[in-house]
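In what follows, a structure is listed as structure tokens, so that the remarks can point back to it.
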Amino acid sequence: MKLTSLPANVYTNSPLQHPNIFLGSLQLLFWLVFRPTAWKNHIQRLDPSLDQNFPLWELFRRQRWKKQQLWRFVFQVLILLPMFYSLVTGAISLSLGTPWLRVLYSVVFGVVYSVAVGMAGGVYGVAYSVVASVAVGAAYGMVVGVVYGVVVGVAVGVAGGVERGVAYGVVFGVTFGVAGGAAGGVMYGVVFSMAFGVAFGVAFGTGSLVNWWRPTIMAVLLIPWHALLCHIDAQKVKSLSSLLPKHLVFWDEWQYLPIWGLDKHLLLVFDRNPAEGQAALNYLSTTRQRWAVQAAQIELDARQLEQCADASAVGQIQQMLMMSELASPADTMFRSFNSISVDVDVALHQSSVYNQRLALAVVNDRLNNLIRELTISSDKYAVRFRPISQRWQNIIDLHLQDLIKESELRQEIDSPYIIGVPVTNRQQLFVGRTDISERLEKLLLDRRSPPLLLYGQRRTGKTSLLNNLGRLLPTSIIPLFVDLQGSISSAKDHTGFLYNLAKGMISSAQRQRNLKLPSLSYETLATDPFTRFDEWLDTLETSLAGSTAFLALDEFEVLDRVLNEGRFNENDVLGLLRNLIQHRPTFKVLLAGSHTLNEFQRWSSYLINAQVIHIGYLKEAEARQLIEQPIENFALRYQPPASQRVLDVTRGHPFLVQLLCAEIVALKNNQDPSIRRLATLADVEAAIPEPLAHGSMFFSDIERNQLDAISLAVLRYCAQQGEGAII
């Protein structure tokens, strides 16, 4: 057998019937008892319009009687199976001294009556009625047998066959057991009627009783068998087919008990033949043995994590860690590893070695925290995943060392500049803005302070400032920075909006002050969103214990656009902010954007007397620090004319300073190491054309979105006069 081949008719709910007509008949009986889904699918394969418990008269409708495969099925169920059981019970009866003529009558009666029941009540009732009537007839005579068979067979067939098999089997088995005892003697009547009537009635039913006792008994009895199968598979040559299909769970659909060692057997087969192992997992995932699938899949995923050999593999493993639809007890751990993998991938795609190192250092901190959590955790999977987290940390440590060695060997200049995205509180690059932070602090500590508006041109550092408020403001002020773009503004209703708003506030407090705020679930908000949110604010105020909550809403224009669309109610949303300002002195509200409130009348009417804080270009000293000493021990030095030229060209605009300085670093890294770490005026001039191309989106936004026609005409005229012209 090839390692990619699969055993036939095993890992499927639609196995093919054996071609031998007699063996196929026994297979149908086996499916009826142990694999009802296979029985149902077989009938659907014969004729999709037939019910799984169809009465025989259905064959004469819509020309079904012309289908040869259907008559083969009927012959097997109504003729061969009754004959088989009649012969078996007849042989038993003969051995107990029953006259052969009585046995013959029982065989004939069983076959004839099976057809009658099949015509009236469906094929499910046939198996029960045939076995019961044949057994009783053979045991204590035709009269009692016929009565027993008619009553039980019709009752089972008409009532729904298998669905009522247990109840009717027990009731009629006991009733006619007594009758049989009176008619044919205690030994034959009671033993045969009770044994066959009750046992087969229960066996062919699907009630709660059979679903409890039969799987329980079989699971207990077959424990040694399962252990033997796994032991033999472990010792066998890899090329031989596995014995896993012989396991109880693959041929007994009703088995609900967890079978010890099944997950280990699945892993063994998966190691030998991944195709077969995956097929087995897929099959069991829809059965009562899903626990084994979960356990095996957790171990397989853990092995994938364990096999990461370098930082690149760690960054790519996220593509494998797709959260399964099966709820897994290890989901929390996998989410942690998935998040770390995403961070590593982002770090490795940073444009500079410096930013790669910076981002990977953050990942290293996260892995340290994860290791500590797994060390003290009582979770049963903590022991399995702790070595993996340690292995990942070693990988990241080695990669960081390699980056440092490579940088020193090549004497490259690490570029700390962040282009196009805000500077976070984890990055050292943020400089200046002390005057703004001091003014903010003064206004926030004044309990009479009105709402605030942080206003400035795009790309002047508003979001970067808000990201870094945690280290600029005193600890008594809790920054709750929420970006109104993304999930908040795209929410479908008020419940989604308030849920995402609360989630952003909770995340900011955790990130900037390591403060855990009370949670607020989506379900809580669903009943009455604004009332529930207001109650949550009460709880939040209590948890702040006298501190000031500084709610900073970035990109408020996005929310205004959503209000224009009518997705949210203006009175509800803006009324919430006004109520927060007027009646909750613990909270201070700041809006940040590139427009003033006068441009949005609805906002100015709700947020009266808002205090405007303007954020513009960097001061000369701040811009010079960003150029010459953006981070500690910056390797590139500037000649005075060179840094002055950067100031003259950018005028201290934070985005333009970073854009040009990043190009200067890139230019110097392509030069000979002997002159690499000193920037001259010629270097700056050579680098200037590149930002004009790489920053085209920035300039295009100014032209299209920030200027009216007259302003645009003035700027174009000035540009045409050339640099330094006096107009």
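Matching residues to (1) over 21 Å from the mean Cα position of the chain (by Cα); (2) among the small types (Gly, Ala, Ser); (3) assigned to a loop (DSSP other than H, G, I, E, B):
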position: 227; (1), (2), (3): yes, yes, no
position: 230; (1), (2), (3): yes, no, no
position: 241; (1), (2), (3): yes, yes, yes
position: 256; (1), (2), (3): yes, no, yes
position: 293; (1), (2), (3): no, no, no
position: 303; (1), (2), (3): no, no, no
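Across the range 597-616, the qualifying residues are those that are surrounded by fewer than 17 Cβ atoms within 10 Å (Cβ to Cβ) and assigned to a loop (DSSP other than H, G, I, E, B), and the one among them that is farthest from the chain's Cα centre (by Cα) is 609. Look at (1) open to solvent by less than 50 Å² (accessible area, probe 1.4 Å); (2) in a helix (DSSP H, G or I); (3) of a type outside the set (Phe, Trp, Tyr); (4) modelled with pLDDT under 85 and you find that residue 488 fails only one, number (2). The set of residues in the range 378-410 being modelled with pLDDT of 85 or more, polar (S, T, N, Q) and open to solvent by less than 60 Å² (accessible area, probe 1.4 Å) consists of 389, 393. Within the range 491-521, the residues that satisfy the criterion of being farther than 26 Å from residue 560 by Cβ, outside any helix (DSSP H, G or I) and open to solvent by less than 60 Å² (accessible area, probe 1.4 Å) are 515, 517, 518, 521. Being modelled with pLDDT under 85 and surrounded by 20 or more Cβ atoms within 10 Å (Cβ to Cβ) is a property that holds for residue 201.
Conditions tested, residue by residue: (1) assigned to a loop (DSSP other than H, G, I, E, B); (2) modelled with pLDDT of 85 or more; (3) among the polar types (S, T, N, Q).
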site: 2; (1), (2), (3): yes, no, no
site: 5; (1), (2), (3): yes, no, yes
site: 10; (1), (2), (3): yes, no, no
site: 18; (1), (2), (3): yes, yes, no
site: 23; (1), (2), (3): no, yes, no
site: 26; (1), (2), (3): no, no, no
site: 33; (1), (2), (3): no, no, no
site: 39; (1), (2), (3): no, no, no
site: 48; (1), (2), (3): yes, no, no
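For the condition at pLDDT below 90, crowded, with 20+ Cβ neighbours inside 10 Å and among the aromatic types (Phe, Trp, Tyr), residue 533 does not qualify. Only one of the numbered conditions (1) under 30 Å from residue 443 (Cα atoms); (2) open to solvent by 20 Å² or more (accessible area, probe 1.4 Å); (3) under 45 Å from the mean Cα position of the chain (by Cα); (4) modelled with pLDDT of 85 or more is violated by residue 667, and that is (1). Put simply, of 616, 546 the only residue that is small (Gly, Ala, Ser), out of contact with any Asp or Glu (no Cβ under 8 Å at 6 or more places or on another chain) and more than 22 Å from residue 463 (Cβ to Cβ) is 546.
Test of understanding: among 591, 574, which residue is modelled with pLDDT of 85 or more, surrounded by fewer than 20 Cβ atoms within 10 Å (Cβ to Cβ) and in contact with a Phe, Trp or Tyr (Cβ under 6 Å, 6 or more places away or on another chain)? The match here is 574.
Conditions (1) open to solvent by 10 Å² or more (accessible area, probe 1.4 Å); (2) part of a loop (DSSP other than H, G, I, E, B); (3) modelled with pLDDT under 80; (4) charged (D, E, K, R), marked per residue:
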position: 420; (1), (2), (3), (4): yes, yes, yes, no
position: 425; (1), (2), (3), (4): yes, yes, yes, no
position: 428; (1), (2), (3), (4): yes, yes, yes, no
position: 431; (1), (2), (3), (4): yes, yes, yes, no
position: 435; (1), (2), (3), (4): yes, no, yes, yes
position: 441; (1), (2), (3), (4): yes, no, yes, yes
position: 447; (1), (2), (3), (4): yes, yes, yes, yes
position: 454; (1), (2), (3), (4): no, no, no, no
position: 458; (1), (2), (3), (4): yes, yes, yes, yes
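Remark: residue 65 matches the filter, which requires a residue to be of a type in the set (A, V, I, L, M, F, W, C), open to solvent by 40 Å² or more (accessible area, probe 1.4 Å) and either part of a helix (DSSP H, G or I) or at pLDDT below 75 (or both). Listed by first and then second residue, the pairs with beta-carbon distance under 9 Å, at least 6 apart or on different chains, first residue in the range 593-616 and basic (Lys, Arg), second surrounded by 14 or more Cβ atoms within 10 Å (Cβ to Cβ), are 602/560; 602/563; 602/570; 602/574. Taking first residues from the range 627-653 that are in contact (Cβ under 8 Å) with a residue 40 or more places away in the chain and partners that are open to solvent by less than 30 Å² (accessible area, probe 1.4 Å) and of a type in the set (Gly, Ala, Ser), the Cβ contacts under 8 Å between residues at least 6 apart in sequence or on separate chains come to 636/679; 637/679; 638/679; 639/679; 642/679. Scanning the range 670-702 for residues that are open to solvent by 50 Å² or more (accessible area, probe 1.4 Å), closer than 22 Å to residue 459 by Cβ and modelled with pLDDT under 85 gives 692, 693, 694, 696, 697, 699.
With respect to residue 619, is the statement that it is crowded, with 19+ Cβ neighbours inside 10 Å, charged (D, E, K, R) and in contact (Cβ under 8 Å) with a residue 40 or more places away in the chain true? Spelling it out, it is not the case that residue 619 is crowded, with 19+ Cβ neighbours inside 10 Å, charged (D, E, K, R) and in contact (Cβ under 8 Å) with a residue 40 or more places away in the chain. If the condition is being surrounded by fewer than 16 Cβ atoms within 10 Å (Cβ to Cβ) and either charged (D, E, K, R) or part of a helix (DSSP H, G or I) (or both), then the range 577-588 contributes 579, 582, 583. Examine the range 363-385 for a residue that is of a type in the set (A, V, I, L, M) and in contact with a His (Cβ under 7 Å, 6 or more places away or on another chain), and state whether such a residue exists. No, that holds for no residue. Among the residues of the range 624-645, none qualifies, meaning not one is aliphatic (A, V, I, L, M), exposed (fewer than 14 other Cβ atoms within 10 Å of the Cβ) and out of contact with any strand residue (DSSP E or B) (no Cβ under 8 Å at 6 or more places or on another chain).
Using the structure shown, decide if residue 594 is closer than 30 Å to residue 496 by Cα and of a type in the set (Gly, Ala, Ser). Yes; evaluated as a whole, the condition is true for this residue. For residue 546, the conditions (1) small (Gly, Ala, Ser); (2) touching a helix residue (DSSP H, G or I) at 6+ places or on another chain (Cβ under 7 Å); (3) assigned to a loop (DSSP other than H, G, I, E, B) are fulfilled apart from (2).
The values are calculated or read from the model by the stated rules, or taken from the named source; none is laboratory data. No experiment lies behind these values; they were computed from the predicted model shown. FYI the Cβ positions are ideal-geometry reconstructions off the backbone, even for glycines, and counts take in every protein chain you see. With ligands, DNA and RNA removed, areas are computed over all heavy atoms of the protein, side chains included. Shrake-Rupley method; radii C 1.70, N 1.55, O 1.52, S 1.80 Å.
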